[in-house]
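See below for the structure under consideration.
The values are calculated or read from the model by the stated rules, or taken from the named source; none is laboratory data. This structure is a prediction, so every number in the text was calculated from the model and none was measured. Here the Cβ is made from the backbone with ideal geometry for all residues, glycine too, and neighbour counts use every protein chain on show.
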Protein chains: 2
Amino acid sequence: MSKHLTKRDEDYSKWYNELVVKADLAENSAVRGCMVIKPYGFAIWEKMQAELDRMFKETGHQNAYFPLFVPKSLFEAEEKNAEGFAKECAVVTHYRLQNDPDNEGKLRVDPEAKLEEELVVRPTSEAIIWNTYKGWIQSYRDLPLLINQWANVVRWEMRTRLFLRTAEFLWQEGHTAHATKAEAISEAKQMQEVYATFAENFMAMPVVKGAKSESERFAGADDTLTIEALMQDGKALQAGTSHFLGQNFAKAFDVKYTSKEGKKEHVWATSWGVSTRLIGGLIMTHSDDAGLVLPPKLAPIQVVIVPIYKGEEQLNAISEKVDVIVKELRKKGVSVKFDDRDTFRPGAKFAEYELKGVPVRMAIGKRDLENGTVEVARRDTFEKQTIAIDEVVSFAANLLEEIQDNLFKRALNYRAEHTTEVTTFDEFKEVIENKGGFVSAHWDGTIETEDKIKELTKATIRCIPNDAIEEEGKCIFTGKPSSKKVLFAKAY
Amino acid sequence: MSKHLTKRDEDYSKWYNELVVKADLAENSAVRGCMVIKPYGFAIWEKMQAELDRMFKETGHQNAYFPLFVPKSLFEAEEKNAEGFAKECAVVTHYRLQNDPDNEGKLRVDPEAKLEEELVVRPTSEAIIWNTYKGWIQSYRDLPLLINQWANVVRWEMRTRLFLRTAEFLWQEGHTAHATKAEAISEAKQMQEVYATFAENFMAMPVVKGAKSESERFAGADDTLTIEALMQDGKALQAGTSHFLGQNFAKAFDVKYTSKEGKKEHVWATSWGVSTRLIGGLIMTHSDDAGLVLPPKLAPIQVVIVPIYKGEEQLNAISEKVDVIVKELRKKGVSVKFDDRDTFRPGAKFAEYELKGVPVRMAIGKRDLENGTVEVARRDTFEKQTIAIDEVVSFAANLLEEIQDNLFKRALNYRAEHTTEVTTFDEFKEVIENKGGFVSAHWDGTIETEDKIKELTKATIRCIPNDAIEEEGKCIFTGKPSSKKVLFAKAY
């Protein structure tokens, strides 16, 4: 396979698809819409998981595991949720295969092994979890219940793209139960903050925190909080959502608790999730025409060292120096790889690590040995420097922090340049059409206007930002009064 | 729910089921045969995962993720494997639900959303993975391929028991590809060693390493290596298996590599797995009539501290001392919980942590404050000691190690007492019937004899131990010559 990548400004979508495959992150599988996450891609997910899991536990959550299947009768219990997911769910109807009498060596579904009740492969787990919580919650002493699950879910999407939208994906889903409405709302907000902190501090991906408009809410939620990121092609990506579910699931599954005062009350709920979609966001926030660019905090390999040598003697002399560097870097918690394979030339290795987005590359050759130096190249800016070998470990450690910061600032600048305030619908169309990015505009708050704008421009309301200022304004589309600007964009 | 547990010698099976539920490890779900793993049970699984994952990575493996679904045509490609799992697989046939016209508010499978090809929910992933490996392996340079996956799998078992046998379970499955037969065999052996080390050093569960007889092999394997543990009721538990798959899957999926000499050859394969079943083994190896007994290395809480006080002033004085102990224990990497809830009395807390198997319990009361002491109780032997507060941290750290050792030794003694060599079939029946445990006996090596013994006694060949001595002997059943003793037992 050619290492050549389509350029972003030629065809952004093609660039993305090629990059995911060529950088060994993921590939399409034999199952329609399902991906194989390859080891390098999975290593990024593991780093994400580790950080998120730590943050969830620090905020008092525990992990548990609930069944993959949701019996149809539970699935349909919360009406809006069921309606929202019914059109895209995989359904298990049988529990056995048998030899196909018409087809030697082939199998077929055993018609006698039909399930009495169909099982839905979970597209999300509110139904099965709330049915379980019914047995766990009796008294105010059982609350709050703060649980998270790492799992696979299936949504039968018709148009899929690696990481961004796949029929099966990996995610975490938090499901919490609270005694009061205020506590549940504050939990939903807390998890939005956790997601925003993770996105900005680890993924180096700036996000806007806000609330979804009614029509963009999660099916079954009273309020959906979101973090929205902006990709390099000017399209927005919903990167994580945190839902205030009111008492909808508690009522559907009859989950009540006895309060301190001895009254029976329905509990209040939240759910919140991020998925392997984040890897798509990570790629589209930082990467360039040469390949992947990874923020050091999530890079499986942070530093790679490539020896440039002729003959074993030179390699040995280089290895001796490198061993010390590797040891010192590991002591500092840096993940480092010394690539001394003799089956590839240095140039091929350089290209490979560029494609794979390793943040810092070191090269040591004969002249470096003589001069006591190391060549250090950073992936984000392609800058190279020659550093004294004694200083290279602390230099690299600092450089990793600098790269992390630089990637965030670069993405923040891009977003600032691609966030436009408009006051008329002509301006709106012009920006959406030609410049892309977030467009901040007044909206009259109705679903009708939102729908029409979407129909005419393909732009949707990404969120009503948390920090939107209360001000008197006029809807760009209807001229009706509006009290806040909302954020529009075309989106993934 | 009553905290009272059925005693082991009254009804071991009932004791087990009650313990799993009462100790908050897991419970049955609304989905037939599927369990909910509760936070306390899942915390044990997370500890197991962390250790195993570390061991897999240390032996050069990387994690990846493959689809949940296996298209029927791939599922049936390796004939023996397909035959082995066809009878117990969940099958997805449709991808949409719709409103049921005959049933207001209910959903039904949309007859127009039938899949062209049925999808099997993976009971194991050889088929989907080897179909993927075909694209990954071209040359000897691509080998060995050393991959592991943490995943859920589904086997439609008719008789299920929490952790031991459930329709859905969590596991890891390693799938490796090698250039030579010898290398694949050595990989399978290596992973058997990894499993044995984990079982003995972390679970404190002694295991016999051996090979399965032909009829007990994994469907599609040329050889199945196993680790077999002995439960307290004298029944064996297969705790982990590592399969040498020969070229069976490489041939079924046409996976060839070009050797250094330029020849095209089929690759050699292994697969290996352990599952949440290990938690069942952990419980049945160590626990007692008072509840769970956990080896410290896998206990979610290693030390619990309970204050015994009247009034806030005493509690504050105790808390001050406890804070120092907690801090010092955490510094040593000990996970410790200070249970200062005022909604429960000390006696209730003692009972709870006994039931939940916390290895070390500390209690501090008024007299301890005066004397500068702490009462320390160990869960495995119920022994209590009064320790000077300045020494309690190092005492507890040592005690945790001692408990870990003691549990292993206790289990090893039990196994030694319950491993019997026999030379006649009468003896064999007598031991299997009345004493239980492992029975070591000569066997003529035929499937017929194995089947007959199973039919007559319910005992199966657990394994041909790796360390079985070559010796001349006679089959206990047929009197035919045998060169090695094998290990029989009734099994879970």
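A few points about this structure:
- Among the candidates B:L25, B:L74, B:L68, the residue that is over 25 Å from B:A491 (Cα atoms), touching a Lys or Arg at 6+ places or on another chain (Cβ under 7 Å) and assigned by the TED database to the domain that holds B:A177 is uniquely B:L68.
- Just so you know, in region A:35-55 the residues that are surrounded by 23 or more Cβ atoms within 10 Å (Cβ to Cβ) and out of contact with any helix residue (DSSP H, G or I) (no Cβ under 8 Å at 6 or more places or on another chain) include one that is farthest from the other protein chains (Cβ to nearest Cβ), and it is A:M35.
- Test for A:L407: is it over 28 Å from the mean Cα position of the chain (by Cα), at pLDDT 95 or above and of a type in the set (A, V, I, L, M, F, W, C): no
- B:A188, sole failed condition from (1) surrounded by 24 or more Cβ atoms within 10 Å (Cβ to Cβ); (2) among the aliphatic types (A, V, I, L, M); (3) without any contact (Cβ under 8 Å) to a residue 24 or more places away in the chain: (3)
- Filtered by the rule that a residue be surrounded by 22 or more Cβ atoms within 10 Å (Cβ to Cβ) and polar (S, T, N, Q), region B:249-274 gives B:T270, B:S271.
- Unique residue being out of contact with any Asp or Glu (no Cβ under 6 Å at 6 or more places or on another chain) and under 30 Å from A:K331 (Cβ atoms) when the list is A:I476, A:I464, A:I387, A:I469: A:I387
- Take the conditions (1) more than 17 Å from the chain's Cα centre (by Cα); (2) free of Cβ contacts under 8 Å to residues at least 24 places away in the same chain; B:A23 misses just one of them, which is (2).
- Residues in region B:142-165 include none that are at pLDDT 95 or above, over 22 Å from the mean Cα position of the chain (by Cα) and facing chain A (nearest Cβ under 9 Å).
- Count - residues of region B:81-107 that are crowded, with 22+ Cβ neighbours inside 10 Å and more than 8 Å from chain A (Cβ to nearest Cβ): 2
- B:G273 under 30 Å from B:R415 (Cα atoms), of a type outside the set (S, T, N, Q) and either assigned by the TED database to the domain that holds B:S139 or part of a loop (DSSP other than H, G, I, E, B) (or both): yes
- Qualifying residue in region A:198-208 (condition: within 28 Å of A:Y133 (Cα to Cα), among the hydrophobic types (A, V, I, L, M, F, W, C) and either away from chain B (no Cβ under 14 Å) or part of a strand (DSSP E or B) (or both)): no
- Selection from region B:21-60 of residues that are touching a Gly at 6+ places or on another chain (Cβ under 8 Å) and part of a helix (DSSP H, G or I): B:K22, B:F56
- Selected residue (criterion: farthest from the other protein chains (Cβ to nearest Cβ)) from residues of region B:11-34 that are of a type outside the set (D, E, K, R) and over 21 Å from A:L68 (Cα atoms): B:Y12
One line per residue, one yes/no per condition, for (1) more than 30 Å from A:L412 (Cα to Cα); (2) assigned to a loop (DSSP other than H, G, I, E, B):
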| residue | (1), (2) |
| --- | --- |
| A:P300 | no, yes |
| A:V306 | yes, no |
| A:V326 | yes, no |
| A:V334 | no, yes |
| A:D340 | yes, yes |
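- Scanning region B:244-287 for residues that are in contact with a strand residue (DSSP E or B) (Cβ under 8 Å, 6 or more places away or on another chain), closer than 30 Å to B:L25 by Cα and not hydrophobic (A, V, I, L, M, F, W, C) yields B:S271, B:G273, B:S275, B:T276, B:R277, B:G280, B:G281, B:T285.
- Candidates A:E157, A:E76, A:E88, filtered to the one that is among the acidic types (D, E) and more than 30 Å from A:A26 (Cα to Cα): A:E76
- As a summary of the residue check, B:N131 satisfies the conditions (1) more than 10 Å from chain A (Cβ to nearest Cβ); (2) more than 26 Å from the chain's Cα centre (by Cα) except for the one numbered (1).
- Any chance A:E450 is more than 30 Å from A:E312 (Cβ to Cβ), outside the structural domain of A:F198 (by the TED database) and surrounded by fewer than 20 Cβ atoms within 10 Å (Cβ to Cβ): no
- Any hit, region A:365-378, residues being surrounded by 22 or more Cβ atoms within 10 Å (Cβ to Cβ) and either among the small types (G, A, S) or within 24 Å of A:M205 (Cα to Cα) (or both): no
- The listed residue being touching a residue at least 40 places away in the same chain (Cβ under 8 Å), within 9 Å of another protein chain (Cβ to nearest Cβ) and surrounded by 22 or more Cβ atoms within 10 Å (Cβ to Cβ), out of A:E78, A:E126, A:E118: A:E118
- If only residues of region A:459-492 that are more than 25 Å from the chain's Cα centre (by Cα) and among the basic types (K, R) are counted, the one that is surrounded by the fewest Cβ atoms within 10 Å (Cβ to Cβ) is A:K480.
- Filtered by the rule that a residue be surrounded by fewer than 19 Cβ atoms within 10 Å (Cβ to Cβ) and within 12 Å of chain B (Cβ to nearest Cβ), region A:56-75 gives A:K57, A:G60, A:Q62, A:S73.
- Single residue of region A:201-228 satisfying the filter (within 13 Å of A:F244 (Cα to Cα) and aliphatic (A, V, I, L, M)) that is surrounded by the most Cβ atoms within 10 Å (Cβ to Cβ): A:L225
- Filter result for B:K429 (surrounded by fewer than 17 Cβ atoms within 10 Å (Cβ to Cβ) and within 20 Å of B:K485 (Cβ to Cβ)): no
- Among the numbered conditions (1) farther than 30 Å from B:C34 by Cβ; (2) surrounded by fewer than 18 Cβ atoms within 10 Å (Cβ to Cβ), the only one that B:Q302 does not meet is (2).
- Extreme residue, farthest from A:V120 (Cα to Cα), among residues of region B:89-109 that are assigned to a loop (DSSP other than H, G, I, E, B) and touching a Phe, Trp or Tyr at 6+ places or on another chain (Cβ under 8 Å): B:C89
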